[in-house]
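Report on one structure; see the data block that follows.
The values are calculated or read from the model by the stated rules, or taken from the named source; none is laboratory data. Just so we're clear, the structure is a prediction, and the values are computed from it rather than from any experiment. Cβ: placed from backbone, ideal geometry, glycine included. Neighbour counts: every protein chain shown. The area values use the complete protein model at the heavy-atom level, side chains included, leaving out ligands, DNA and RNA. Shrake-Rupley method; radii C 1.70, N 1.55, O 1.52, S 1.80 Å.
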Amino acid sequence: MRKKIIAGNWKMNYCVNKAESFVSEIKDTINTDEVDVVICPNLVSLDRVSDLIDGTNIKLGAQNVYFEDKGAYTGETSVDMLAAVGVNYCIVGHSERRQYFNETDEIVNKKAKKLLEKDIAPIVCVGETLEERENDKMFEVVERQVRASLDGIEKESMNKKVVIAYEPIWAIGTGKTATAEQANEMCKFIRDVVSKMYDEETAENVRIQYGGSVKPSNANEILNMSDIDGALVGGASLTNDFVAIVNY
Ligand code: 13P
């Protein structure tokens with residue numbers, strides 16, 4: 001039985017004081033062991049949020065990382081730096097990073113592997129554009145992303161650590177959600193790709209989230225689908241809506 005994982009991706013929102021007050025306000029209501037709850041604040045707030053959630057079941061997630069260990073990479077953050085402030089998960093390959101910061105599947109793959117070296121679980125994002133869906137290219141695109149992003153990752157890591165997030169780009173921040181059936185169909189497809197790349201057991205173990213306009217009104221239906229193991233929540237993770245989603 002796969003445990004659901006619900007992560008809040010705050011994106012570039014909330015300065016450290018607001019991060020602190022918001023987490024203090026909601027933490028007791030999202031502190032559960034029924035689902036894995038992950039908060040992904042901005043880099044600057046990671047350390048403070050880490051202190052605040054210490055002693056709870058809530059996990060800390062980062063939104064990005066660099067794949068080199070250290071050195072002259074101005075502005076970048078290493079896996080060790082994330083580990084040192086208690087980061088457990090890190091989002092890689094979010095479509096906004098692919099779109100605005102030219103992240104390729106190859107870069108996503110290097111980041112995921114580097115995170116796994118230090119025992120941080122990558123949340124690997126994949127998803128098609130509206131145009132790709134309208135041209136019936138979505139399965140081809142997502143399969144390519146999954147294969148390239150996971151290339152060379154060991155089976156043990158896949159079974160224990162890696163999380164995949166299916167986020168159709170046309171549903172992000174648009175209010176337009178994929179139907180639960182569309183989301184489930186793609187998550188099932190991704191599981192089949194994992195089965196072909198690894199084996200059936202690995203495919204059964206890997207957790208696959210859906211992301212894109214998840215809100216309290218659709219969380220229950222989405223999270224009850226057979227192949228959807230959680231949600232990656234953007235806008236709704238910035239308000240009390242996150243509490244309702246966690247308690248779906
Ligand atoms: P929204 O929930 O705001 O659509 O964002 C989804 C997302 O990109 C989460 O990573």
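Structural remarks
- The condition of being without any contact (Cβ under 8 Å) to a residue 12 or more places away in the chain and within 16 Å of the ligand (Cβ to nearest atom) does not hold for Thr174.
- Elements of type strands (runs of 3 or more DSSP E) in the stretch 3-66, at least 1 residues being open to solvent by less than 40 Å² (accessible area, probe 1.4 Å) and farther than 22 Å from Tyr248 by Cα: 59-62
- In the stretch 161-208, the residues that are open to solvent by 20 Å² or more (accessible area, probe 1.4 Å), of a type in the set (Gly, Ala, Ser) and at pLDDT 95 or above: Ser195
- Residue count, the stretch 131-165 (criterion: of a type in the set (A, V, I, L, M, F, W, C) and closer than 18 Å to Asn205 by Cβ): 8
- For the stretch 228-245, taking the residues that are assigned to a helix (DSSP H, G or I) and open to solvent by 10 Å² or more (accessible area, probe 1.4 Å), the one that is farthest from the ligand (Cβ to nearest atom) is identified as Val243.
- Ser149 vs. criteria of a type in the set (S, T, N, Q), surrounded by 19 or more Cβ atoms within 10 Å (Cβ to Cβ) and either part of a helix (DSSP H, G or I) or in contact with a Ser or Thr (Cβ under 9 Å, 6 or more places away or on another chain) (or both): yes
- Filter result for the condition that a residue is at negative phi, more than 16 Å from the chain's Cα centre (by Cα) and not polar (S, T, N, Q), over Ala180, Ala171: Ala180
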